[in-house]
Every structure is written in structure tokens, then in C-alpha cells.
Amino acid sequence: MNVMTPFEQSDRALALYANQFAGRSIVLDKFVYDILDTSLLNGGVFLAAYWWLWFEADESGVHAQRRNVVVALLAVIGVAGALKLLKVLLPFRYCPLNDPDLGLRQPFGVDPTSLNHFNSFPSGHAMLFFALSVPLWMRSRWLGAAATSWTVLAICLPLLYLGYHWPSDIVAGAMVGVALMFLVCRLIGATGLPDQMVRFSATHSPAFYAIAWLVALEIAVRFDNVKAFFPDVARLARALLF
């Protein structure tokens, strides 16, 4: 018989507490699921904030935040890449909903078998959206506090309610995301790349905004299209070469 540590006991207790109202109301379960699954309400809100900063001008008409926005969006691409590596390299961990010993309540409309190949550690949602909150904190405390509160209420709590993640997954994702974002922002900010991109936005506006729209779209949907595309390309390459 495996003896659980106090940390594991707390993790399990919090997972059970967050999930206690699931499976009781179709309306409530559907509402929570839709909040988490609707990109407009998670990634869309963050990208709207960044576009606001991009077009924000001071009294003299200077767009002082544009360099910071470029640094932030480039950095979050790096964080997303690090997340992919962590998911591959770290030991596999089943989500709470698929832990038979835990006994979570199954929310209506959620198929636990669809999560069988899903490594829950760390939480990708928490890692990306807490990372996106960091530059907003740098801009202003109230904006950063609003972004963090939204991440907790509209993203992290639904993840726990639906049984997709352990509390420790979310805490680890948040800590890694924030630390990496600080590091990558500093590294990118020390180069001339952000200044070049800001100049490119002024001299080649149509091309810049077309590319920026695509990048913003992928960030808003947590790079789901990229994640779906590259495995197909890899399979095609193997088929053609071998």
C-alpha cells in the first residue's frame, strides 16, 4: 500500500473540493465547460488587452508600448515551445478525472477517455496565461491584477472543476510560466529584434498586420492549429521519405 505524502493528500483534497458540484447540473457543467473552451473568453481577452496597448498613445502621440508588446508576444511563443518540451520530457501524469482511486464526479458532456493521452503536468493553460499576465503587470498593477484574476476565475477554476488538472499542475504551470516569461522577455528585450519589428510595422504595415493577426490568432487558441498541423506534416514527410 502506497503511503501518500501530506502534499499528495492536499492535492487530492483540493481536487475533490473543486469538483464537488460537477455532475449535478447539466446547465452548470455546460456553462463551466463553455467558459474554458471558448477562446474569446481566455486567449481573446488577453490579446484584446495587448492590441489596446499596441494602439495606446501618450499625449504627444507616441506609441510607447509597442516595443513591449512585441517583446511579450515573441516571449510567449518561446514559453509555448518550452511547454511542449516539458510535456514530452516530464513523466506522464494522468488527470484527476482519470484517477480511479480519486473518485471525482464526472461532469456532464465530458468524456474521460478523451484525456487518456493527456499529460496533465504542468498545466499548459496556467503556464501560458500566467505568462501573458507578466507584461501586463509591468504595464500597470491594475491591469496585471485584472489579468491574473481572470486567469484564476475563468481558466484555472474551470480546469479544477472539470477534473482536467490537479491543483499542483496549475501551481507548477503558473510558476514556470511566470519565471520563463521574465527570463525570455529580458533576453529578447536585450536584442535589436523588437526595434526592427516596430520599424517594420511602420514601413510595411499591410504585411506586418497580416502576420501579426495570424500570430495573435494562434496565441489566442493556445497554438492549437500549429499543434494539429505539425504532426500531419511529420506523418506526410515519413510517408514520402520512407
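Seen through its C-alpha gyration tensor, with square-root eigenvalues sorted a ≥ b ≥ c, the stretch 73-155 comes out oblate because a/c lies at 1.5 or above while a/b is not bigger than b/c.
What FRET efficiency would be calculated for the residue pair GLU56, ILE35, taking the C-beta separation as r and a Förster radius of 22 Å, to the nearest 0.05? Step by step, r from the Cβ atoms, then E = 0.20.
Between TRP54, TRP213, TRP150, the residue with the greatest mean-square fluctuation in the GNM of the chain (Cα pairs under 10 Å linked by springs) is TRP213. Going by a ≥ b ≥ c, the root eigenvalues of the Cα gyration tensor, does the stretch 185-224 fall in the rounded group (a/c under 1.5), the prolate group (a/b larger than b/c) or the oblate group? It is oblate, given that a/c is not under 1.5 and a/b is not larger than b/c. In the chain, the calculated helix contribution to ellipticity at 222 nm averages -22000 deg cm²/dmol per residue, counting -39,500 (n - 2.57) for every DSSP H run with n ≥ 4. Probing with 1.4 Å while keeping every protein chain in the model, the per residue accessible area of the stretch 79-178 equals 45 Å².
Compared with the dominant Cα axis of the chain, that is its longest principal axis, helix 224-241 is turned about 90°.
Given in Å, the Rg to one decimal and the Dmax to the nearest whole number for the Cα atoms of the stretch 1-157 are 18.9, 69. For the chain, carbon and sulfur atoms together expose 69% of the accessible surface, with a 1.4 angstrom probe and every protein chain in place.
Can you give the extra length, in nm with one decimal, that the chain gains between ALA145 and ARG67 once fully stretched, where that is 0.36 nm per residue apart less the Cα-Cα distance?
On the way: separation 78, 0.36 × 78 = 28.08 nm, distance 2.17 nm.
The span from ALA145 to ARG67 would gain 25.9 nm if fully extended.
Where the alpha-carbon atoms of the stretch 136-207 are placed on the principal axes, they occupy 48, 25, 25 Å, in descending order. With the highest mean first, a sort of the peptides 181-188, 99-106 on other beta-carbon atoms found within 10 angstrom per residue produces 181-188, 99-106. Rounded to the nearest 0.05, the FRET efficiency derived from the C-beta distance between GLU8 and PHE92 at R0 = 22 Å is 0.85.
The values are calculated or read from the model by the stated rules, or taken from the named source; none is laboratory data. This one's a predicted model, so the numbers in the text were calculated from it and none came from an experiment. All Cβ positions, glycine included, derive from the backbone under ideal geometry; neighbour counts span all protein chains shown. These area figures cover heavy atoms from the full protein model, side chains too; ligands, DNA and RNA do not enter into them. Shrake-Rupley method; radii C 1.70, N 1.55, O 1.52, S 1.80 Å.
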